[in-house]
Amino acid sequence: MSKKTVILGATTNPMRYAYLAAERLKAHDHEIVPVGIKKGDVFGEQILDLREKPTIDDVHTVTMYVGPRNQQEWEDYILSLNPKRIIFNPGAENPSLDEKANKKGIETLKACTLVMLSNKLY
C-alpha cells in the first residue's frame, strides 16, 4: 500500500540521505512530495518551497531531513499537514516537536527511513 510521504529537507544532491530516501520510496511505490528550500526535481517530482508552506492533502508520513534548530519555525506547518506519523531520521530528533505531535495523536519514530524500507518496516 502506497504511503504518501512528505520528504522535509528534500534536495537534488545525490550525496544526501533525503535524496536516497526519495529514490528508495519511489522504488517501493510510495508517493513522494519533496519539500525544501532548494529548487529542482527529485525523481520526477518538483521540490515544493517550504517557505511557502504548501498545502498537501492526505499525508501519511513526514520524514524529517532537517535538523532540530532549523525545524522550529516549521513546527506548526508540519503539524498542520496532519500526518499519521513523523519519522525523525538520525540528526533530526526534536523532543519539542515529538511531544507536540504526540499530543495531536501523531505517531513519532526516531528511526531511519532507509533502514525501515530495507527491512520492510515502512
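Quick note: the coordinates plus some simple rules give every number you see, no bench work behind them. Predicted model only: the values in this text are computed from it and were never measured. As a convention, Cβ positions derive from the backbone with ideal geometry for all residues, glycine included, and neighbour counts pool all protein chains shown.
Quick rundown of the values:
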quantity: Lysine pairs within the range 1-74, Cα separation less than 18 Å, 8 or more sequence positions apart or different chains; calculated: 5
quantity: Estimated distance in nm for a label pair at Lys39 and Asn70, the labels positioned 7 Å out from Cα along Cα-to-Cβ; calculated: 1.8
quantity: Within the chain, helix-based [θ] at 222 nm, where runs of 4 or more DSSP H residues each add -39,500 (n - 2.57), nearest 500; calculated: -7500 deg cm²/dmol
quantity: Note, ³J(HN,Hα) from phi for the range 48-60, Karplus 6.51, -1.76, 1.60, rounded to Hz, x at Gly and Pro; calculated: 7, 6, 4, 5, 8, 6, x, 6, 9, 9, 6, 7, 8
quantity: Per-residue HN-Hα couplings for the range 112-118 [Karplus 6.51, -1.76, 1.60; θ = phi - 60°; Hz; x = Gly/Pro]; calculated: 10, 3, 5, 5, 4, 5, 5
quantity: Backbone HN-Hα couplings from phi across the range 17-26 [Karplus 6.51/-1.76/1.60, Hz, Gly and Pro as x]; calculated: 5, 4, 5, 4, 4, 4, 4, 6, 4, 4
quantity: If the convex hull is drawn through the Cα atoms of the chain, its volume per residue in Å³; calculated: 97
quantity: Segment Lys110-Ala27, length gained on full extension (0.36 nm per residue, minus Cα span); calculated: 27.6 nm
quantity: The range 5-118 - share of DSSP beta bridges that are antiparallel (%, nearest 5); calculated: 10
